[in-house]
């Protein structure tokens, strides 16, 4: 069955995207975009998918996944216009990769353990990198365990990725206990940096970065995704602060004119209600 017959809405979506980019009758905004300009929207849509999964309904998830799919379709249209690739080639690339990285599913009936799966996955990825370098005519291959971590990856996600990569070669603490000590150590170093007789904001910033990295490490050892945890903490804080604002307004006041003690008192009331 042809793709258009099997997935008519995919074909319709691709057709709509092509019309939006039509040089004569397309949308002025869409025509102005390029690969770099739509990257922020792609990242935003990915976060909105995550938010819908955590806080929305399945209708919300479907809607946000559609918005994220549109980003892929947009890139595919740009690639097609520049004769680099199209949607079909994108789909083929990821399909080939999935088959290649899952030989235990597509080439044999054996079911290796999780550790073996991870080793096989990394081995195939290493082969892919070597082949890519060979095709590009590049002699030097980056053989670091940290190779191919995107430079623009969100910092919390990247910190977790770096730590997991290092853990695979044994450069990791065995459990969470020493990580707690590391967090305490980094807090102490921030205090020392702040008490330095010569103010050095760069040094303070560096130590704060070390603390954040250590906290991500702690989250990882506790089986917590740092990005998800912080996103939920942001949502919880925002929800509680909005309740503080409503409470202040309900009593005829304003947040701007309230003292810190007054706001803190209301905050504790709101917090008590949310945890009761």
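The values are calculated or read from the model by the stated rules, or taken from the named source; none is laboratory data. Model, not experiment: these values are computed from the prediction. So basically every Cβ, Gly included, is an ideal-geometry build from the backbone, and we count neighbours across all protein chains shown.
Against the conditions (1) closer than 27 Å to residue 215 by Cα; (2) assigned to a helix (DSSP H, G or I); (3) at pLDDT below 75, residue 133 satisfies every one except (1).
Per this entry, residue 223 is counted among residues that are within 22 Å of residue 173 (Cβ to Cβ) and in a loop (DSSP other than H, G, I, E, B). Of the helices (runs of 4 or more DSSP H) lying entirely inside region 1-88, the ones with 3 or more residues being touching a helix residue (DSSP H, G or I) at 6+ places or on another chain (Cβ under 7 Å) and more than 30 Å from residue 236 (Cα to Cα) are found at 8-20, 58-81. Of all residues assigned to region 139-146, at least one qualifies as being outside any helix (DSSP H, G or I), touching a helix residue (DSSP H, G or I) at 6+ places or on another chain (Cβ under 7 Å) and within 26 Å of residue 47 (Cβ to Cβ). Restricting 199, 207, 192, 177 to residues that are more than 30 Å from residue 120 (Cβ to Cβ), over 20 Å from the mean Cα position of the chain (by Cα) and crowded, with 17+ Cβ neighbours inside 10 Å narrows the list to 207.
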